[in-house]
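To keep things clear, I will list the structure first and then write my remarks on it.
The values are calculated or read from the model by the stated rules, or taken from the named source; none is laboratory data. From a predicted model like this one, the values you see are computed outputs, not experimental measurements. Here the Cβ is made from the backbone with ideal geometry for all residues, glycine too, and neighbour counts use every protein chain on show. What goes into the accessible areas is simple: the full protein's heavy atoms, side chains included, and nothing from ligands, DNA or RNA. Shrake-Rupley method; radii C 1.70, N 1.55, O 1.52, S 1.80 Å.
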Amino acid sequence: MKKLYIQTYGCQMNQYDSERIARLLGREGYAAAARAEEADLILLNTCSVRDKAEQKVYSALGRWRELKENKPGLIIAVGGCVAQQEGEALLRRAPYVDLVVGTQNIHKLGEMVREVETLHRRPAELAFYRDPSYMEDGEGAPRVQGAMAYVTIMQGCNKVCSFCIVPYVRGRELSRPSGKILAEIGQLVRDGVKEIMLLGQNVNSYGKTAAGDLSFPELLRRINVIEGLERIRFTTSHPEDLSPELIEAYATLEKLCEHLHLPVQSGSDSVLTRMRRGYTREKYLEKIRRLRERCPKVSLTTDIIVGFPGETDEEFAATLEILERVEYDEIYAFSYSPRPHTLAGKLYLDDVPEEVKKRRLERVLNRQGEISLRRNRKKIGEIEEILIEGPAKLRDGQIMGRTRSHKIVNAAGSEALAGKLAAVRITAASPNSLLGELAAAQ
Ligand code: SAH
Ligand code: F3S
């Protein structure tokens, strides 16, 4: 049997796509290889959201070029956001790359690989579609290992955040029909999945566009009644689409986990305007207040960009301040990186010096470290439910699981508990995780 090695960079959507690719190429006779050196086909699933992610692609390709020199039949394929962004230029720039598959063309991959194998062509498929059927494979749900699974419910983004390349590489918003989504989740649950993460670049605008026949809160209600499913999560949401109905879902749907990732990007109104985020600091805070009123236990995480063009010390101070105001549980913080096609890339100079960006990044992370520790310490003594994922990183004899609020808990226990829900008593806290004692597993 031929062997396939997939390297995945970037977000959960890419991970979901890679699982789909493995399944589709499985039908073409490719089995998973443990290492790139053993593979007959290497596929790089790429991310271009920041320049660093893009650079990683070219260094990985450089390494594989050497492999190919010793193994001429090796097929090198590039997918994901860099593939979509660079298109045929990638084939010109990297003559050892055999095929380029854009973000909406995964369904064509089998055919493309055959084209390389038999006709020795170098295909590139980069079309965007108006019909969401490109997300379907016409065959049951993806087979997954473990108790957690991703399910893409929509793709693309119709927003125009000035820093963001996603709309250009993932296309316009398209929702999958609810029937397909519910069938996929039903199959996953029959295969043993207990927790699902619904994915979309702008997941809470599900249903606003063609084929999305339900609203997002209605879709959640339908998923909530699937027997055997225990937990529902979703990512990533835009604050503007956090509707009163969605807030109500947190108060009423018992399977919807008490966690929301709601990127704020900046605490400063002037920066938010330049970013074209479509909300003010006050509007954002008001939504958080309403959500906490209806779901007091909700944990909140966010994305922050520091060093956006023109960001002054005062504007940056407003970001530090909003971290305190909201008291996030965790943040993902990035230095601004100008991206092709984007409005900010065209309109503004990347004028915040690298050392200033670096210092601001350290400051937000340090400040958040204190807040996270403070919040995590409040959990000490409480009983929490975790879904056990497997052995803890770097700690022998311990397992790791996540609470409904998405916090990592490590506890002494056997790996055989992986995939089980368990009650733990929290005994200690650090900024990034909790320590607990297992009470009971089911
Ligand atoms: N809604 C999307 C967000 C995509 S990008 C999703 O599917 O998750 C994820 C995060 O990367 C953004 O929230 C933002 O904080 C950060 N980001 C996006 N473009 C960036 C850029 N040009 N420079 C730095 N960070 C960026
Ligand atoms: Fe990007 Fe803004 Fe959409 S961050 S994915 S353009 S909501």
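FRET efficiency for the residue 349 to residue 68 pair, using the beta carbon distance and R₀ = 51 Å, is estimated at 0.80. Summarising the label geometry, the points placed 7 Å from Cα in the beta-carbon direction at residue 394 and residue 55 lie 2.4 nm from one another.
Counting only Cβ charges, +1 for Lys and Arg and -1 for Asp and Glu, the dipole size of the range 65-160 around its Cα centre is about 260 debye.
Dividing the convex hull volume of the alpha-carbon atoms in the range 68-225 by its residue count gives 141 Å³ per residue.
Each Lys and Arg Cβ is given +1 and each Asp and Glu Cβ -1; about its Cα centre, the chain then shows a dipole of about 140 debye. Applying a 4.7 Å Cβ-Cβ cutoff to the chain, the cysteines left without a disulfide-compatible partner are 11, 47, 81, 157, 257, 295. Each 10 Å bin from zero holds the following percent of Cα-Cα pairs in the range 383-441: 28, 64, 8.
Directionally averaged projected area (the chain, Cα convex hull): 21.2 nm². For the chain, the solvent-accessible area of protein heavy atoms averages 44 Å² per residue (probe radius 1.4 Å; ligands and nucleic acids excluded). Of all accessible surface on the range 132-377 at a 1.4 Å probe, what whole percent is carbon and sulfur? Looking at the range 132-377 in its full context, I get 51 percent from C and S. Can you work out the PRE-style zone for residue 221? Point 7 Å along Cα to Cβ, and I want the residues of the range 161-183 with backbone N under 19 Å. Label zone hits: 177-183. Restricting to the range 278-430, what percent of DSSP beta bridges are antiparallel, rounded to 5? Antiparallel: roughly 70 percent of the beta bridges in the range 278-430. Taking 271, 100, 116 in turn, the Gaussian network model of the chain (Cα-Cα springs below 10 Å) assigns the largest fluctuation to 116. Counting only DSSP H runs of at least 4 residues, each contributing -39500 (n - 2.57), and dividing by the residue count of the chain, the helix-based mean residue ellipticity at 222 nm comes to -11000 deg cm²/dmol.
Looking at the range 132-377, the pairs of alpha carbons with a distance over 27 Å make up 41% of the total. The apolar share of the surface of the range 1-79, taken as the fraction of accessible area on carbon and sulfur atoms (1.4 Å probe, ligands and nucleic acids excluded), comes to 48 percent. For the chain, the relative contact order is 10 percent, taking Cα pairs closer than 8 Å that sit 6 or more residues apart in sequence and dividing their mean separation by the residue count. For the range 165-311, taking the reciprocal of the average inverse distance between every pair of different Cα atoms yields a Kirkwood hydrodynamic radius of 16.5 Å. For the chain, the share of DSSP beta bridges that are antiparallel, to the nearest 5, is 35%. Among the GluC sites (Glu not before Pro) in the range 1-97, none sits in a DSSP loop with a Cβ that has at most 12 other Cβ atoms within 10 Å.
Taking every DSSP beta bridge that has both ends in the range 132-377, the antiparallel portion is near 10%.
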